[in-house]
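Notes to accompany the following structure.
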């Protein structure tokens, strides 16, 4: 650790510096409070060992100033005049430990080992929280189009309640992001939000995952396990792809939603949990009810409030703001108003986006990696991007001749290159002359 040692006793200064450095720490020794405060303002320390009774600025004031400069620093008080006032001063400053002189170096060594362990735990926790935030992403809903404004209005109304919410929308359109926004708008925002994809787990594991199990409940259950409903107690549980839940589990989930009681697999004891439930699906639940694939009573129970998330193709005005927002996850350079060239923008706007926002996120990440210096150009977009768009248009158009297919490809290439026929020809792999010949032939046929 990087340690600050502040004490006006010269003999102790030399001894502590020598001994602490033998343990592998780096040490800065300060003979008084003013020097200690100056050192704290100059460089970051992990731990400080401070004598309370020093000339000038007293030890308690040094610790108080240290807390303002570097709140996470651990402080150890060492004093030759231990009394109640000194102890209270230490408590008020939230010091890690209080030592009375004389004390053995063995005591100090043991104490610093505890300090190091606490700092390591704090850093691991901070790293874990950072990874969780990265994995979750932010909960900001991007876009000011009419459809997204409507989604926001519904979230504002339903968020502060405890009502069950059903989020409907195509795969990849951002249903989990909307669920997170509902959680953040609720009175449970400081409590956990736990997510599970009901279609991603084998049927025989879903009950254990949701409600937990006791030791020996089934083969391989060597230890008891807490279910996600218990983990989310006090907060929110998000059941994604609820339409994939097996019928047997639908009945058990309905009982939990109605009673608030869960029972671990293999146990006879019930436990009350306080959980807000948000569900999502891309399936038509009413149709599934008619086909006896989904319980009607469960559908009514989870459908207190519906939020429809529009597909990306129906909120095209939000596409470029979304693209900019997604690009900023990977790149901080460039001007926000010029992150995509006109050619790249035209190609993004012309795409049908069958994979919705998830597909856009992948396309933007691909482009961000390929592009050495912003703005993103059409050449940085995935190679299959325009070809897939072309195939989609040809498929939707029905039976066509080879010449008609060629013309769609030519027109789209010219659009992507903002009318530059030479660039369009290069993209298509033909000469400019061939391109003009095909365009002229098409015009003559149309005439």
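Taken together, the values in this text are just the output of simple stated rules run on the coordinates, not laboratory data. Small disclaimer: the values here were computed from a predicted structure and weren't measured. In this analysis, Cβ positions are derived from the backbone assuming ideal geometry, glycine residues included, and neighbour counts consider all displayed protein chains.
Segment 236-269 and segment 148-178 have Cα centres spaced 22 Å apart. A value for volume of the Cα convex hull per residue in Å³ was derived from the coordinates, and within the list [x] 254; [y] 156; [z] 169 it appears as [x]. Report the residue, chosen from 180, 403, 283, that carries the largest GNM mean-square fluctuation when the chain is represented by alpha-carbon nodes joined by springs under 10 Å. Maximum fluctuation in the GNM of the chain, among the listed residues, is at 403.
If you take every DSSP beta bridge fully contained in segment 203-316, what fraction is antiparallel? Give it as a percent rounded to 5. Could you put the intermediate results ahead of the total?
Numbers: 5 of 10 bridges.
So the antiparallel bridges amount to about 50 percent of the total.
Listing 57, 237 from the residue with the fewest other Cβ atoms within 10 Å to the one with the most, what is the order? Each step should come with its number before you reach the end.
Numbers: 57 17, 237 25.
Going from sparsest to densest Cβ surroundings: 57, 237.
Just to be sure I understand: of the beta bridges DSSP finds with both ends in the chain, what percent are antiparallel, rounded to 5?
Working: 5 of 42 bridges.
Once the DSSP bridges in the chain are tallied, antiparallel ones form about 10 percent.
As a proxy for reagent exposure, 46, 297 were ordered by neighbouring Cβ count within 10 angstrom, fewest first; the result is 297, 46. Angle of helix 175-184 to the longest C-alpha principal axis of the chain, folded into 0 to 90 degrees and rounded to 10: 40°.
FRET efficiency for the residue 433 to residue 114 pair, using the beta carbon distance and R₀ = 51 Å, is estimated at 0.05.
Label-to-label distance, residue 140 versus residue 124, with points set 7 angstrom from Cα along the beta-carbon direction: 3.3 nm. Axis of helix 383-397 versus longest Cα principal axis of the chain: the two differ by about 40°, to the nearest ten degrees. For the chain, the relative contact order works out to 11 percent when only alpha carbon pairs closer than 8 Å and six or more residues apart are counted. Ratio of Rg to Rh for segment 213-279: 0.97 [Cα atoms; Kirkwood radius as inverse mean 1/r over pairs]. Rounded to the nearest 10 degrees, the inclination of helix 432-446 to the longest alpha-carbon principal axis of the chain is 50 degrees. For the options 413, 323, 75, a Gaussian network treatment of the chain with springs between C-alpha atoms closer than 10 Å singles out 75 as fluctuating the most.
Throw me the Rg/Rh for segment 127-264, computed over C-alpha atoms with Kirkwood Rh, two decimals.
We get a ratio of 0.99 for segment 127-264.
Hey, in the GNM for the chain with a 10 angstrom Cα cutoff, which one of 352, 58, 287 fluctuates hardest? Answer for the Gaussian network model of the chain: 58. Quotient of the Cα radius of gyration of segment 2-132 and 2.2 N^0.38 Å, N being its number of residues: 1.03.
How do 288, 48 rank when sorted from fewest to most other Cβ atoms within 10 Å of their own Cβ? Walk me through the intermediate numbers first.
Values: 288 16, 48 27.
Listed from fewest to most nearby Cβ atoms, that is 288, 48.
Rounded to the nearest 0.05, the FRET efficiency derived from the C-beta distance between residue 442 and residue 189 at R0 = 56 Å is 0.45.
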